[in-house]
Structure formats: C-alpha cells, structure tokens
Amino acid sequence: METFLIRALQLMMSLSLLVIIHEGGHFFFAKLFKVRVTKFYLFFDPWFSLFKFKPKNSETEYGVGWLPLGGYVQIAGMVDETQSSEDLNHPVEDWEFRAKPAWQRLLIMVGGVMMNFLLALFIYSMILFKWGDEYVSLQDMTHGMEFNEYAEEIGFRDGDILLSADDKPLERFNVDMLRTLTEARVVKVNRKGSELEVFMPEVSLLDIAKDNPPFVEPLIPNVVDSVIVGKPMEKAGIRQGDVLLAVNGQEISSWNSFLAKMATLKEAAEAEGKPTADLTLVYARGGVRDTVAMQTDTLYQVGVMKNGLMDYKVTKLEYGFFESFPAGIALGVNTLKGYVNDMKYVFTAEGAKSVGGFGTIGSIFPSVWDWHRFWEMTAFLSIILAFMNILPIPALDGGHVLFLLYEIIARRKPSDKFMENAQMVGMILLFGLLIWANFNDVVRFLF
C-alpha cells in the first residue's frame with residue numbers, strides 16, 4: 001500500500017506540473033495577443049470544482065477540478081471542449097480568439113506543446129548539472145553480455161562484448177542500444193579477444209523488449225556480494241565472495257542464470273501450491289567446492305544479494321551550469337527521436353496490447369522517493385505530452401494546428417459547426433483510447 005501511495009503521489013505531482021506548464025503556454029500567448037482567457041483549470045470541472053478563485057479586476061477564473069484527466073484554458077471565441085458553435089452566435093469582439101490573424105492563433109495553439117518541450121529540455125539540463133551522468137560503458141563490461149536462446153540462434157554468444165551496429169559505436173546498455181541493434185544489419189562484437197560480425201535478421205524492438213529471459217543483458221559474475229542475516233543462504237553457511245556453481249544439478253555460469261533458475265523454482269512451487277521451494281546449491285569458496293541443501297522462505301527468496309554493475313568501471317560525467325544546457329538539449333532531442341521512432345509499434349496488434357493507462361504510467365516511478373528518478377520521469381512524460389498533443393487529431397492541439405494551416409493555405413476558415421463536429425469526433429477517439437489503455441492495465445493486473 002505504501003508503494004502504491006508513493007507512486008500515486010509522484011504521478012499526481014508530475015502530471016499536475018506538466019498540465020499547468022502546458023496550459024500556461026496557451027495562456028501566455030493568448031495574453032500576449034490580448035485574447036481573453038475566461039478560465040484556467042488544473043483538471044476538469046464538470047458540474048463542480050474543488051477550488052476556484054477570480055482575482056479582483058481579472059477576467060480569468062483559476063481553479064482545480066475534480067476529474068484528473070488533464071486541464072484546460074477557456075479562450076474566448078474558440079470552439080473547443082468547453083465551448084460549442086452556439087456559444088459564438090454573437091458579433092466578433094476584438095478580444096476573441098477568432099478575431100486574431102491566423103499566425104497569432106497558431107502560436108496560441110502550439111504554446112502548450114512548446115512549453116512542454118522546453119520544460120523537458122530544462123529538466124534534463126538541470127539533472128545533468130545536479131547529478132551528472134553516470135553509466136557503465138559497454139566496453140567496460142569486461143564479462144560481456146548474456147543472451148537468450150533467440151539471440152544465440154542469431155549468432156550471439158554469452159560473453160560477447162558489443163562494439164558497434166552498422167559501424168555506429170554502441171556505448172551504453174539502454175533502450176537506445178536495443179533500438180540500434182534491431183535497426184542494424186551487422187553487429188560487431190569482441191569475442192574472447194577477436195572481433196567478429198553477427199548478421200541481424202528483421203527484428204522488432206517490441207518483440208525483444210518483452211522477451212523473458214531478456215534478449216540481451218549485462219553478464220553479471222556469479223559471485224555473492226552480500227548475504228542477509230537470518231535468511232536461508234546465511235543459515236546454510238554461504239558467505240560474501242562465494243561463487244555459485246549449480247542449482248538442483250543444473251550448472252550456472254552467471255548471476256543472471258542463477259536468478260533465472262530461482263524464478264523457475266518459484267513458478268514450479270507455486271503451480272504445485274507449495275509455500276517454499278527446495279534447492280541443492282553447489283558453490284566454491286577459495287577454490288574448494290561444497291554442496292548445501294536448503295529451502296526458500298515463504299516469499300521464495302533465499303537472502304543473497306548482488307549489485308552487478310559494481311563489478312565494472314563506472315564512467316561519470318559532470319557538467320557546469322552552462323555546459324549542462326547543450327547536453328540537456330541533446331538528451332531531450334534524442335529522447336524525442338526514440339519515442340517518435342517507437343510510435344510505429346503502437347499500430348501493430350502487440351503494440352495495441354502494450355498501450356497502458358495511469359497504472360502503467362505510475363509504475364515507471366520508483367517505489368521509494370527518489371528526486372533524481374522523479375525528474376527523469378517528469379522530463380520524459382513532458383516529451384510524450386508534447387508529442388501526443390501535436391498529433392493532428394481533432395480535440396488535441398495538433399488538430400487545431402491542422403485546421404489553422406488549412407486556413408492559411410486555403411485562405412478560408414472551416415465553419416464553426418465543422419470545428420464543433422471535429423471536436424466531438426476527437427473527444428470520442430481520445431476517450432476510447434483512454435478506456436482501452438486503462439482496460440489493458442486492469443487485464444495485466446488481473447492476469
């Protein structure tokens with residue numbers, strides 16, 4: 001329950017900030033061009049609001065709605081989710097949206113997207129300034145990678161050190177690396193001191209990203225880092241520095257394979273309705289092998305821990321205040337490129353199933369409070385919000401931009417009735433997507 005509340009609080013804080021900044025972008029350009037804004041709301045307020053106030057001599061009411069699905073600014077003289085064409089059955093006023101030239105209306109509509117993208121770049125820059133950039137280079141992962149069966153069929157082998165993909169150097173282990181691998185035709189690896197080529201078939205990032213065991217992951221040595229007092233491993237005599245060699249007669253050559261064997265034991269015991277799993281462990285200490293028998297605890301854990309990346313050299317980059325901005329911009333642009341590239345998977349059967357709602361978004365936040373991770377996720381969500389809002393879908397900013405571009409090119413406006421109908425279609429599409437995404441979350445939770 002505590003984990004749920006921590007993630008829920010982070011999600012609400014992050015989305016609230018992003019919505020305020022987004023709507024603030026529309027508000028800024030509206031006020032810049034002297035367009036009246038009658039409402040500025042965080043969350044939606046059908047029938048009633050949780051809080052509202054209107055400053056003296058102000059034309060704008062500020063408030064917080066009860067439906068946390070976004071927010072809005074109500075701009076006078078504009079057909080949107082808050083106003084229909086019937087609301088505009090009066091002479092045009094100078095302070096209305098519809099009275100302004102197309103280029104000003106265009107800037108008002110892209111203001112939210114612009115602010116979200118700039119916010120993401122700023123957050124990324126400040127993350128680099130505050131925490132720097134810390135990672136383990138693929139070339140410094142001297143034990144190489146561990147691959148699943150499909151990757152081995154392609155030609156990879158456990159222990160391969162990834163060097164490049166289509167002559168593009170591979171630097172870090174992350175989703176960008178996986179994306180580069182799937183798009184490459186030739187991957188170069190260092191295998192026991194020799195440089196070899198592995199020829200890639202047509203592979204979907206979506207398919208390999210969900211592989212279990214993973215398509216590729218850092219190979220972690222099977223040496224115990226620490227043992228939890230009172231847990232089965234400690235009671236059996238296992239100590240820090242021991243090398244794990246076999247579980248129930250099956251050899252293990254890495255920490256990865258040890259975790260995979262433990263997961264298999266857990267699944268088998270759960271299928272039989274057993275509260276614990278039995279295991280016989282072979283280990284070595286100082287070159288001497290020994291065997292112990294034990295049971296997992298009621299959570300199918302044995303109380304042995306490993307921080308694999310501690311086995312490798314860590315690269316840390318630090319940035320001064322002004323240095324952080326070009327680096328943050330590059331990081332934000334690269335994140336946007338990756339997200340746009342991956343959007344093609346949404347239009348596949350598997351991609352549609354992977355679409356997630358609030359549960360999925362909340363799960364990307366850490367289970368304990370971590371400001372570094374919080375700001376990383378907020379910047380990422382800001383990139384997503386900016387991109388999704390600029391899509392040419394009625395009811396989104398991109399839909400309004402599309403109609404404004406049509407007006408600029410054709411030199412005539414779509415009718416208010418057409419805009420109202422388009423807005424209605426867009427809202428139906430958006431609510432349908434929202435229902436589908438959260439339905440997927442429920443299905444994943446139940447099954």
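The table below lists the values:
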| quantity | calculated |
| --- | --- |
| Within-14-Å neighbourhood charge of residue 135 [Cβ basis; K, R +1; D, E -1] | -4 |
| Net charge over other residues, Cβ less than 12 angstrom from the Cβ of residue 7 (K, R count +1; D, E count -1) | -1 |
| Local net charge near residue 378, Cβ-Cβ under 15 Å (Lys/Arg +1, Asp/Glu -1) | +1 |
| Helix axis angle, 371-390 relative to the chain longest principal axis, alpha carbon, degrees | 50 |
| Straight-distance crosslink candidates among aspartates and glutamates, where the alpha carbon sits under 20 Å from residue 316 and sequence neighbours closer than 8 are dropped | 133, 134, 140, 171, 176, 370, 376 |
| When the convex hull of its Cα atoms is projected in every direction, mean area for the chain (nm²) | 27.7 |
| Per-peptide average of other Cβ atoms within 10 Å, ordering 95-102, 23-30 highest first | 23-30, 95-102 |
| Label point 7 Å beyond Cα of residue 158 along Cβ direction - residues of region 204-219 with amide nitrogen under 16 Å | 213-219 |
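Bear in mind that the values in this text are calculations on the coordinates, not laboratory data. Predicted model, so just to flag it, every value in this text is computed and none were measured. Cβ coordinates were reconstructed from backbone atoms using ideal geometry, including for glycine residues, and neighbour counts include every protein chain displayed.
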